[in-house]
Amino acid sequence: MFLSVFDMFKVGVGPSSSHTMGPMVAGARFLEQMRASPFHFRGLRASLHGSLAFTGVGHATDRATILGLAGFEPATYDAAKADAVLEAIKTRKVIDVPGMGEMAFDPGRDLVFDYGPALPGHANGMILRATDAQGDVIMEETYYSIGGGFVLTAAELVDAGAGKARARADVPYPFETAEEMLAMARASGLTIAQMKRANEVKFRSGADLDRGMERIWQVMNDCITRGMAGEGILPGGLKVRRRAKGIHDALMAERGLNMTPPHVINDWMSLYAMAVNEENAAGGQVVTAPTNGAAGVVPAVIRYWLDHVPGASASRVGEFLLTAAAVGGLVKHNASISGAECGCQAEVGSAAAMAAAGLAAVLGGTPEQVENAAEIALEHHLGMTCDPVKGLVQVPCIERNGLGAIKAVSAASLALRGDGVHLVSLDVCIETMRQTGRDMHEKYKETSLGGLAVNVPNC
């Protein structure tokens, strides 16, 4: 299966790629299915299962599901319009579906949080139903939000599992493991970014690829800038205060002072990541990297490189993103980027591996050093749980992105001090992450039933 750079990096809306963007995408897909049907629909219903139920309120899953059924999509999301549409649905108890007219929908009755066992395919499951004039269900589809904004129907999930044994994607460098990636790099004499670019231009022009990556970085960078200016309390009830602006102001005031210790550079990395994740927590526009919960790590490392590393150039951001996407694709293909499936090792851990690889590449690392950087970063996130307090992508998520960025930079630096030869391969680390996620208790996988979520007061 070919995973594009635009699969790993998608413009969307906070606070969660799996719990907000995914359900919105599922709603939009269900509307497409309805439009292709000969039936005459008069109502809509939805049920949320597993992690989508347990942490759905904190992740705005109910809101996203309704908006998806109202025709909204993450890439073109308009917050002001969404608020107006939601208010109208709550008042009138109908959804005005674009192209199909009004459908009966009472949010208090027709959207159900099912706290029973999760659906069999994935921890993030939901069922959407369409009814006739009598209220009988005449169309139903099960969707799984598998992380990073990716959504599959139940049938597609089965096919995706079987697809690993099918023929490879028709691209010049169809690597499915890090070992294959390095072998192809040695045989071709190309970098990881160059191989990834050759794969991408099988599906779009080089100019379109470059424009798309420029937009991805622009949205990331704008998110950092907004986050560093934002003030106030984040929504959701935890009363978490936005901190990025205060940190930024203090760092700017300290610039040029002779007594500033070297470790303050870590504060800049954390600042950039926290700025993104505060915007995400507030429901702002972010880029999945590879998820919303981990959206701050990659842009923070890019911004650190551009602003603080001599010789950095914005013209090479595409190289960074292509390298990072290649590594993220390996993690997704062979394990998971879903916190509900494997814990936060699959989110911030994957993001740190991607960022470390990208940084090592633009700092001149060989493919072997790039693979080593990714492995170091992922290895030292193994076992990390996903236990958001009150189901909100705030505590510990915001600070965790800052530390993920610091680990990514450290991993890249350490890898560049070596020759790429190391004991634990990236493939072994990815497989270990998959096994660890499989064995991890469900209460530590984005259900808010364990860890910090039960030991920190929710109000």
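Values quoted throughout were computed directly from the atomic coordinates according to the rules given, and no laboratory measurement underlies them. Note that the structure is a prediction, hence the values are computed from the model and not measured. Please note: Cβ atoms are built from the backbone with ideal geometry, for glycine as well, and neighbour counts cover all protein chains shown.
Relative to the dominant Cα principal axis of the chain, helix 317-334 is inclined by about 60°.
In the chain, the longest principal axis of the Cα atoms and the axis of helix 154-163 are about 30 degrees apart.
The distance from the alpha carbon centre of the range 60-117 to that of the range 242-269 is 42 Å, rounded to a whole number.
Working from the pairwise distances between different alpha carbons, so that the mean of 1/r is found and then inverted, what is the range 79-166's Kirkwood radius in Å? Over the range 79-166, the inverse of the mean reciprocal pair distance is 15.5 Å. Computed from backbone phi, the HN-Hα couplings of the range 134-144 come to 7, x, 7, 6, 10, 8, 8, 9, 9, 10, 10 Hz, rounded to whole numbers (Karplus: 6.51 cos²θ - 1.76 cosθ + 1.60, θ = phi - 60°; Gly and Pro given as x). Expressed as a fraction of 2.2 N^0.38 Å, the value expected for a compact globular protein of N residues, the C-alpha radius of gyration of the range 17-162 is 0.97.
Could you give the size of the charge dipole of the range 17-162 about its Cα centre, using +1 on the Cβ of each K and R and -1 on the Cβ of each D and E, expressed in debye and rounded to the nearest 20?
That gives a dipole near 220 debye.
Separation of the alpha carbons by more than 22 angstrom is noted, of LYS90/LYS239; LYS81/LYS245; LYS90/LYS445; LYS196/LYS445; LYS390/LYS445, for LYS90/LYS239; LYS81/LYS245; LYS90/LYS445; LYS196/LYS445. When +1 charges are put on Lys and Arg Cβ atoms and -1 charges on Asp and Glu Cβ atoms, the dipole computed for the range 182-315 relative to its Cα centre reaches about 320 debye. The 3J(HN,Hα) values that the Karplus relation (6.51, -1.76, 1.60; θ = phi - 60°) gives for the range 335-342 are, in residue order, 8, 6, 10, 9, x, 6, 9, 10 Hz. Gly and Pro appear as x. For VAL97, the amide hydrogen comes within under 5 Å of the amide hydrogens of GLU102, MET103, counting only partners 5 or more places away or on other chains and with H modelled in the peptide plane.
In the chain, the longest principal axis of the Cα atoms and the axis of helix 348-362 are about 40 degrees apart. Highest mean first, the peptides 264-273, 106-115 sorted by other C-beta atoms within 10 Å per residue fall in the order 264-273, 106-115.
Placing unit charges on the Cβ atoms of the charged side chains and taking the dipole of the range 168-455 about its Cα centre, the candidate lying farthest along the positive direction among ALA411, GLN285, LEU363 is GLN285. If you wrap the tightest convex hull around every Cα atom of the chain and split its volume per residue, you get 149 Å³. Here the range 278-365 yields Rg over Rh of 0.99, to two decimals, using C-alpha coordinates and the Kirkwood radius.
Across the options SER270, CYS223, GLY237, the greatest Cα extent toward the positive end of the charge dipole of the range 183-274 (unit charges at beta carbon of Lys, Arg, Asp, Glu) belongs to GLY237. The charge dipole of the chain, taken about its Cα centre with unit charges on the Cβ of Lys, Arg, Asp and Glu (plus for the first two, minus for the last two), comes to roughly 520 debye.
Once backbone amide H atoms are built at 1.01 Å from N, LYS10 has THR288 as its partners under 5 Å, excluding neighbours fewer than 5 places away on the same chain. Work out, step by step, the length gained on full extension between GLU442 and ARG255: first 0.36 nm times the residue separation, then minus their alpha carbon distance; give nm to one decimal. Additional length available on full extension: 62.8 nm.
With Cα atoms defining each centre, the range 363-391 and the range 442-459 are spaced 23 Å apart in the structure. Ranked by the mean number of other Cβ atoms within 10 Å of their residues, highest first, the peptides 151-158, 51-58 come out as 51-58, 151-158.
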